[in-house]
Amino acid sequence: MLTACSRLPLPQEVPESFKVLPEYIIEDVVDYHLYVVRQSPDSLELSGKNELLVWALTFLTSTWYIKNPFLKAKLVEVRCALRYGSFTNLSAS
C-alpha cells in the first residue's frame, strides 16, 4: 500500500516549507551519508542502506526539488557507493 509520502515522483508543486530550505542543509546530509558509506560501509544494516537509497532516488527522480547539479551528482555518488563500495582508493594505485 502506497501512502502519500511514498509515491514517486514527488508532486510537481514543491511545498513552501521545502522551498525555503537552503540547499546546503540537504548537501550536509548527503555529505554525512557519503562519509559514512565510504569510511564504514559495514556500519549500515541492509534496512539503512535501502532507506538511504530510496531517499537519494526520491530526489533524483523528482528533479524539480533540487536545482543544484553538483548536489544531484553527490546523490548519484552516494547511490554508487552504496551499490559498488567506495571509490576513494582507486586513484592511489
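The values are calculated or read from the model by the stated rules, or taken from the named source; none is laboratory data. The structure displayed is predicted, hence computed values, not measured ones. All Cβ positions, even for glycine, are placed from backbone atoms using ideal geometry, and neighbour counts span all protein chains on display. Quick note on the areas: whole protein, heavy atoms, side chains included, nothing else; ligands and nucleic acids left out. Shrake-Rupley method; radii C 1.70, N 1.55, O 1.52, S 1.80 Å.
Charged (D, E, K, R), assigned to a helix (DSSP H, G or I), farther than 19 Å from F18 by Cβ and open to solvent by less than 70 Å² (accessible area, probe 1.4 Å) - does that describe any residue in region 35-42?
So in region 35-42, the residues charged (D, E, K, R) come out as 38, 42.
If we keep only those that are assigned to a helix (DSSP H, G or I) as well, we get 38, 42.
Remaining after also requiring farther than 19 Å from F18 by Cβ: 38, 42.
Subsequent filtering for residues that are open to solvent by less than 70 Å² (accessible area, probe 1.4 Å) retains none.
Checked region 35-42: no residue is charged (D, E, K, R), assigned to a helix (DSSP H, G or I), farther than 19 Å from F18 by Cβ and open to solvent by less than 70 Å² (accessible area, probe 1.4 Å).
I need a count of the residues in region 62-89 that are at pLDDT below 90 and part of a helix (DSSP H, G or I).
Final tally of qualifying residues: 7.
Which of the residues that make up region 31-47 are within 16 Å of the chain's Cα centre (by Cα), at pLDDT 80 or above and not hydrophobic (A, V, I, L, M, F, W, C)?
D31, Y32, H33, Y35, R38
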